[in-house]
Amino acid sequence: MKWKRSERLVDMTHYLLEHPQKLIPLTFFSELYQSAKSSISEDLTIVKDTFEERGIGVLVTVPGAAGGVKYIPKVSENVVKEVIDELISELGHSDRLLPGGYLFMTDLLGNPELMNRVGKVFASAFCSQEIDVIMTVATKGISIAHAIARHLNVPVVVVRRDNKVTEGSTVSINYVSGSSRRIETMVLSKRSMKSGQRVLVTDDFMKVGGTMNGMKNLIEEFDCTLAGMAVLVEAAHTDERLVDNYYSLVKLKEVNEKDRTIKLEEGNYFSKGGYDR
């Protein structure tokens, strides 16, 4: 079957979006569409220009016999600000306030469209780094982890609080919860990661950073490297913070349980260099 250019462009775009961070040889598209490499190159130029103009991402061309093209998700500064503003607006409602200064976020974490955008925003911050695995703790951070993983095209590993027979042999550590100062336990299957992998950790909410610090210690037990941290909402506890190298989208600046008021502001995403201005 001979493909028309319009058909090739639509199908090619779809394939690239479904396979982020994957190097695709030009011969793959040439054979798939039964077209000359010169025609495929012209098509990719159109896709590349459109992606960059629309803030969808960038196409990187790798020359040589082993080369090809790779789609890297990269959102614009305006898109990041739109996501942050939407989060602040949604989280600012007084009925979200929970005892202890926490916020009800389950509905937002269960919103696939919003989480997909959040995932792409975080993926943009780490798209130039080598990330092998996304790690989170059950259960609230799972949707964020999978959203980031989709755009970086890497697997997700979920740390649990207790041992499950379905996990097989596990590695467990004890860590100090930053907020309650209690000794907690983290458990992860030995098959989850391989030595030497670079791991991005993520969670939905961070008060002092005890959970993030615990995951960092667990990563070291696997002889892996912490590549970065991404948190949806951080609380303003700068003097007590146990971690400092992280990205956040929203900062919970102040809560007043008596007056039922919530003060939120933009997180550190831009100040940490999440977007190259």
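Along the chain, counting only GluC sites (Glu not before Pro) with a DSSP assignment other than H, G, I, E or B and at most 14 other Cβ atoms inside a 10 Å radius, the longest segment between sites is 1-129.
Per residue, the accessible area of the range 1-87 comes to 55 Å² when a 1.4 Å probe rolls over the protein heavy atoms. Counting only DSSP beta bridges whose two residues both lie in the chain, roughly 55 percent are antiparallel.
Placing unit charges on the Cβ atoms only, positive for Lys and Arg and negative for Asp and Glu, gives the chain a dipole magnitude near 540 debye about its Cα centre. Just list whichever of LYS81/LYS251; LYS120/LYS253; LYS4/LYS74; LYS120/LYS263 have alpha carbons separated by over 19 Å in the model shown. Distance filter (> 19 Å) returns LYS120/LYS253; LYS4/LYS74; LYS120/LYS263. Helix screen, the chain: DSSP H segments with Cα axial length of 18 Å or more and mean Kyte-Doolittle hydropathy at least -1.0 are 5-18, 37-54, 77-91, 112-126. Given a 1.4 Å probe and every protein chain left where it sits, what share in percent of the accessible area of the range 193-236 is carbon and sulfur? Of the solvent-accessible surface of the range 193-236, carbon and sulfur hold 33 percent. When the chain is described by a simple charge dipole with +1 on each Lys and Arg Cβ and -1 on each Asp and Glu Cβ, the residue from VAL79, GLY210, ILE131 located farthest towards its positive end is ILE131.
The values are calculated or read from the model by the stated rules, or taken from the named source; none is laboratory data. From a predicted model like this one, the values you see are computed outputs, not experimental measurements. For neighbour counting, all protein chains shown are included, and Cβ atoms are generated from backbone atoms with ideal geometry for every residue, glycine included. In case anyone asks, the SASA skips ligands and DNA or RNA and just uses the protein heavy atoms, side chains included. Shrake-Rupley method; radii C 1.70, N 1.55, O 1.52, S 1.80 Å.
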